[in-house]
Each structure stands twice: as structure tokens, then as C-alpha cells.
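The values are calculated or read from the model by the stated rules, or taken from the named source; none is laboratory data. Just so it is clear, the structure is predicted and the values come from calculations on it, not from any experiment. All Cβ positions, even for glycine, are placed from backbone atoms using ideal geometry, and neighbour counts span all protein chains on display.
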Amino acid sequence: MKATKNRRPVVVGIFILLGLVILVVAVFTLGGQKKTFVKGFTVNAIFDDVSGLQAGNNVWLSGVKIGTVRKISFYNNTKVLVSMNLEKSIEPHIHKDAFAKIGSESFIGNKIVVIYGGTPGAPQVQDDGFLAVEKTISTDSMLSTLQSNNQNLLEITNSFKSISRKIDSGSGTIGYLLNNASMARKLNASMNSLQATMNNFQAAAQTSRTVLTNLEAFTTRLNTEGSLANKLATDTTLFNVLKGTLTQLRDVTTTASQITDNLKAASDRLHDTANIPGVLLNDVEAGKALKNTIMNLESGSEKLDEDLEALQHNFLLRGYFKKKNK
């Protein structure tokens, strides 16, 4: 009876101890989200800085947990070796050219290792193999950069405030332009002149485009077989005929120029009173005298006709005229 009573506390103690062991194992397993009874393999990565990563933190692939960090140790005194325990079933999805980087579950959450990339045709990573590492920016570095940017922004804001004060007080060229009405009008006039100049440039550009279009059309006609422009450019016989025609036309032009010069000289002589035609055309008195002379000649001619008629009827010369008529 005493033996039974003595064994009971021992058995109870053993069960309590086993319960505590199971509880501790369950707590660690659930806390680290480890899959104790799942077969796995090890993958390593060497980082310059793990940014507070700890053993037991999760390893993700495409947003899915595939394992945990097994061990973190120093490597060559300056780098950190991270060994990860991954599920065996995920091994075909991780290739040798994949990358590993330190990430976070959230902005201020636990650190994790993120595996990404890799070419489907590349060999898969082997057990205890190594992955390439992408250097990431730590939170401290981001905060330092943000602080520096804030300082720069403050300096820029102060500079803008100083510039705004100077402009408002009329200091400097811009302040003078903004506060001086006459200068503003002059600037407006200058802008109008510049606009007119730009309009002229646009018109010139449009004219140039028109000329280029016409030139392109002429070039097209020049390259079109059978057209006059093409014949002039390629037919040597037609070119020689045209050349001869142009030569004759040039000679005719020269002759016409000479005739024009002669007509001009004749016209000048007709206006010159030093010669008979000029006197007849330009001297009124000489014209009247010539008219009187012509009238006298006509009158004398009529009288001469009468005298000859009288001589024909004269008995002395009547026989002479009869013989002449026979």
C-alpha cells in the first residue's frame, strides 16, 4: 500500500514533466512557425548587414512562407552568414541564379529573408548551397536620407522665402518687372513684337514648305518617263534642238535689239530740226512754207496744162502735135 502511494506522486510528476516538455516544444514550434516533422534542406546566403534578422525568422518566396532562419554567424569578420532551413518540396522552385534579400513583414514588423528571381531553365539549388544577395537599404539609412532631404527642403524653403521678399520689395530684375507698370508695358510690347516675329517665321516656314512641295512635285515629274521635264533631262536630241532654238531666239533678240536701236536713232533724227525730216515734222513755219510751195506747184502745173492745151490748138504747132500723135 505504501509502495502504491509512493509510486503515484512519481507517476504524476513524470506526466507533469512530459506535459511541460510537450508544452514548451509546442510553444517554440508555434512561435517560430516551424514544421518540425517536415523534411527540409539548407540554403545559405552571405550578407553585409542583416538589419536585426534573428534565428527563427521566416523565409518567404513569392509571399509564401517556405522555411525559417536556422542559424546566423559571422563570415570572414566583416560579413554575416545566414543559414536557412527550407521545405524539401520547395527545392525545385529555387534555382542557382535566384537572389536573397532582407525584408520586413510590415513597415515595423519582424525581419524576414525574401528569395526571388531565378531562371526556370537554370539548375535548382542544392542542399547547403549558396544564393546571391541583393544589398538593401536599411531603415536607419532611409531615415538618415529622409532627415537629409528634410534639411535640404528647409534650406530651399528659406531660399524661396528670401527670394519672395526681394521680389515683393521690388529688388532685382524680376521684382522691378513685377512692380514697375511701365516696364511691364514695355515687356508686353516686346512680347507682342516677338509674337509678330514668330508669326513671320511661321509664314516663312509655310512658304518654305510650299516651295519644297513644288520642288518635290517637279522632281517627280522630272523622274516620270514621257514627261516634258524628263525628256529635257534625258533626251539629248531634243536638248540639242532646244539648244539650237534658244540660239536662234538669242540671235533674233539681238537683231530686234539692233532694230530697236535704229528706230530710236531715226526717231531722234526726226525730232532733230537740223535735218529736213526734222524740220518738216517739228518746224511749223517750214511746214507752212512747204504747203504753200506744193500749192504753188499745183497751180503752176494747172497753168502749164492750160498753156500746153493752147499750144496744141495753135495753128503754128498744130501740125507738129498731129505728127507726134501719129
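Restricting Asp128, Asp97 to those that are over 17 Å from Gly56 (Cβ atoms), surrounded by 13 or more Cβ atoms within 10 Å (Cβ to Cβ) and either modelled with pLDDT of 90 or more or in contact with a strand residue (DSSP E or B) (Cβ under 7 Å, 6 or more places away or on another chain) (or both) reduces the list to Asp97.
Checked against the criterion of being surrounded by 14 or more Cβ atoms within 10 Å (Cβ to Cβ) and at pLDDT below 90, the candidates Glu87, Glu105, Glu91 yield just one match: Glu91. Among the residues making up region 42-67, a single one is on the phi < 0 side of the Ramachandran plot and touching a helix residue (DSSP H, G or I) at 6+ places or on another chain (Cβ under 6 Å): Ile66. Annotation: of all residues in region 81-110 being in contact with a Leu (Cβ under 8 Å, 6 or more places away or on another chain) and in a strand (DSSP E or B), the one that is nearest to Val50 (Cα to Cα) is Ile102.
Tally up the residues in region 71-95 that are basic (Lys, Arg) and in contact with a Gly (Cβ under 7 Å, 6 or more places away or on another chain), please. Of the residues in region 71-95, 1 are basic (Lys, Arg) and in contact with a Gly (Cβ under 7 Å, 6 or more places away or on another chain). Condition first: in the same structural domain as Asp127 (by the TED database), of a type outside the set (A, V, I, L, M, F, W, C) and touching a residue at least 60 places away in the same chain (Cβ under 8 Å). Can you find one or more residues in region 70-79 that meet it? No; the residues of region 70-79 include none that is in the same structural domain as Asp127 (by the TED database), of a type outside the set (A, V, I, L, M, F, W, C) and touching a residue at least 60 places away in the same chain (Cβ under 8 Å).
Checking each residue in region 43-53 for being modelled with pLDDT of 90 or more and surrounded by fewer than 16 Cβ atoms within 10 Å (Cβ to Cβ) picks out only Ile46. Ile174: surrounded by 10 or more Cβ atoms within 10 Å (Cβ to Cβ), in a helix (DSSP H, G or I), of a type in the set (Val, Ile, Thr) and at pLDDT 85 or above, yes or no? Here the answer is no, as Ile174 does not meet what is asked.
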